[in-house]
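The values are calculated or read from the model by the stated rules, or taken from the named source; none is laboratory data. Predicted model only: the values in this text are computed from it and were never measured. A quick note on method: Cβ atoms are made from the backbone with ideal geometry, for glycine too, and the neighbour counts reach across all protein chains shown.
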Amino acid sequence: MSSGVSGYAALNARVRAMYSSLLSEQEMTRLSDADDFQTLTGLLKSSIYGPYIENLKDKDLTPRRTISKIRGRLADAYFSVIHMAPGHARPLLIQLYRYFEVGNLKAILRGIVTGPTSNSESTHWEQVSDVLFPMGSLSVLPGRAMVEAGNVPAAVELLNGTRYEEVLSFAMKRYSAEQNLFPLEVAMDLGYWRQLWVEAKRLSGLDRDYALRIIGSLLDMNNLMWAIRYRVYHRLSEEELINYTLPFGYHVHDEDIRAIAAGADIPATVSRIYPDITDVNALLEDLHSGLPLLEAKLNRHLVKTCLAAFMGNPFHIGIPLAFLILTNFEIEDLTILIEARSSQLPDEKFRPYLLRAGVM
């Protein structure tokens, strides 16, 4: 199919219309200033998210159900963008969307391991499905059958013939020995990001430039945070850390990951890769408490990269990629607000983690 102006004209118009419906800074301020969960959901009902939660009865208006419903807006955005995208751009957009399928697969396997909630009237599948992202027809997961299989090996066997068969086959050996989902989840993550990078590099011209910049920045952030967390939280060996991360990236390269694995100073490494992120030393004075704040700063850095895609020539894949990532970040902010207000967290405990604050 065509690319350039003819391939992106309709999609660009559609994406810019949807982009204009993202919550404004004033709307986000009103939502974040809500005193409690009930006030927050009332404000959401009068926003662009209203159609997604307006049919929930009061008894069903729980934080978990509300978060699940507002994610439907992101699913709708993906379907609209993928449907209108030129053919050469669709594989990358579809692979980006599969991030949520990987999340669903993790949730299904965790649900199998933890088992059903004994005091609930709903079935085990209903309990698991309640936390799944609404992927729609693009998902290949036989979710219900996997849950009803009752154990991880039987559930994974149901994925034979899907894109997850090869990814999980080797990791199942370690799962069988350790009875721990960690190697399966790492295998899924690494397989997802490898394929996403492959799809980005298959493009050409402006599409390739913007795809590598945006997807590469997203990949860099995840890979760097994996490496640091594996070392700080999990205390993995140098060899394990290298095996559980990616040997490529946009600005974060294999030598950076290997340096962290070998014990390099983490604040100095982060500052070298991201010189425009200030106060890294102070932020990571306590690595355990500072890493979530570092991740928020890296996410805000990605927000700026996405916003820059809307400047200049509009006929490239960067604009739909940026819009989808920004929409996801908006819903992540709303998720933080919903969870914070429902648990009555003080403002200083959650506001530093809002991604759009002072950026858009």
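For D33, state whether it is loosely packed, with under 14 Cβ neighbours inside 10 Å, free of Cβ contacts under 8 Å to residues at least 24 places away in the same chain and of a type outside the set (A, V, I, L, M).
Answer is yes for this residue.
Conditions tested, residue by residue: (1) at pLDDT below 95; (2) out of contact with any Cys (no Cβ under 7 Å at 6 or more places or on another chain); (3) not polar (S, T, N, Q).
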| residue | (1), (2), (3) |
| --- | --- |
| A296 | no, yes, yes |
| C306 | no, yes, yes |
| F315 | yes, yes, yes |
| I319 | no, yes, yes |
| A322 | no, no, yes |
| L326 | no, no, yes |
| I331 | no, yes, yes |
| L334 | no, yes, yes |
| L337 | no, yes, yes |
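Wholly within the range 226-293, which helices (runs of 4 or more DSSP H) include no fewer than the required count, namely at least 2 residues that are more than 24 Å from P183 (Cβ to Cβ)?
Of the helices (runs of 4 or more DSSP H) lying wholly inside the range 226-293, those with at least 2 residues that are more than 24 Å from P183 (Cβ to Cβ) span 254-261, 266-273, 280-283.
Listed residues I273, I266, I257; which is among the β-branched types (V, I, T) and either modelled with pLDDT under 95 or surrounded by fewer than 19 Cβ atoms within 10 Å (Cβ to Cβ) (or both)?
The conditions single out I273.
With R73, R64 as the choices, which residue is within 28 Å of Y8 (Cβ to Cβ), over 14 Å from the mean Cα position of the chain (by Cα) and not hydroxyl-bearing (S, T, Y)?
Just one listed residue meets the conditions, R73.
So P314 clears everything in (1) in a helix (DSSP H, G or I); (2) in contact (Cβ under 8 Å) with a residue 40 or more places away in the chain except one condition, right? Which one?
For P314, the exception is condition (1).
Residues S139, S169, S129: which one is closer than 29 Å to I242 by Cβ and among the polar types (S, T, N, Q)?
Values: S139 fails: closer than 29 Å to I242 by Cβ; S129 fails: closer than 29 Å to I242 by Cβ.
Only one candidate passes the filter, namely S169.
Quick check on my filter: what residues within the range 308-335 are β-branched (V, I, T), closer than 24 Å to L283 by Cβ and surrounded by 17 or more Cβ atoms within 10 Å (Cβ to Cβ)?
Our first condition is that a residue be β-branched (V, I, T); within the range 308-335, this holds for 317, 319, 325, 327, 331, 335.
So of that shortlist, the ones also closer than 24 Å to L283 by Cβ come out as 325, 335.
Across the range 308-335, the qualifying residue is only I325.
Could you list all residues from the range 226-243 that are surrounded by fewer than 20 Cβ atoms within 10 Å (Cβ to Cβ) and of a type in the set (V, I, T)? Before the answer, list the steps.
To start, the set of residues in the range 226-243 that are surrounded by fewer than 20 Cβ atoms within 10 Å (Cβ to Cβ) comprises 229, 232-240, 242-243.
Those that are surrounded by fewer than 20 Cβ atoms within 10 Å (Cβ to Cβ) and of a type in the set (V, I, T): V232, I242.
Select from the range 108-140 the residues that are among the aliphatic types (A, V, I, L, M), in contact with a helix residue (DSSP H, G or I) (Cβ under 6 Å, 6 or more places away or on another chain) and outside any helix (DSSP H, G or I) and write down the one among them that is surrounded by the fewest Cβ atoms within 10 Å (Cβ to Cβ).
For the range 108-140, the residue satisfying everything is V131.
Could you look through the range 78-100, keep only residues that are of a type in the set (F, W, Y) and crowded, with 20+ Cβ neighbours inside 10 Å, and pick out the one that is farthest from Q195 (Cα to Cα)? If you could, list the steps in order and put the result at the bottom.
Just the residues of the range 78-100 that are of a type in the set (F, W, Y), to begin with: 78-79, 97, 99-100.
Next, from what is left, pick out any that are crowded, with 20+ Cβ neighbours inside 10 Å: 78, 97, 100.
On the way: Y78: 18, Y97: 12, F100: 14 Å.
Here the residue is Y78.
List the residue pairs whose Cβ atoms are under 7 Å apart, where the first residue sits in the range 209-230 and is within 18 Å of A264 (Cα to Cα), the second is among the aromatic types (F, W, Y) and modelled with pLDDT of 95 or more, and the two are 6 or more positions apart or on different chains.
The qualifying pairs are D220/Y250; W226/Y244; Y230/Y244.
Which one of these does R90 not meet: (1) at pLDDT below 95; (2) under 30 Å from F315 (Cβ atoms)?
Exception for R90: condition (1).
Have a look at R300, R341 and point out the one that is among the basic types (K, R), closer than 19 Å to L23 by Cα and free of Cβ contacts under 8 Å to residues at least 60 places away in the same chain.
Selected residue: R300, the only one of R300, R341 that is among the basic types (K, R), closer than 19 Å to L23 by Cα and free of Cβ contacts under 8 Å to residues at least 60 places away in the same chain.
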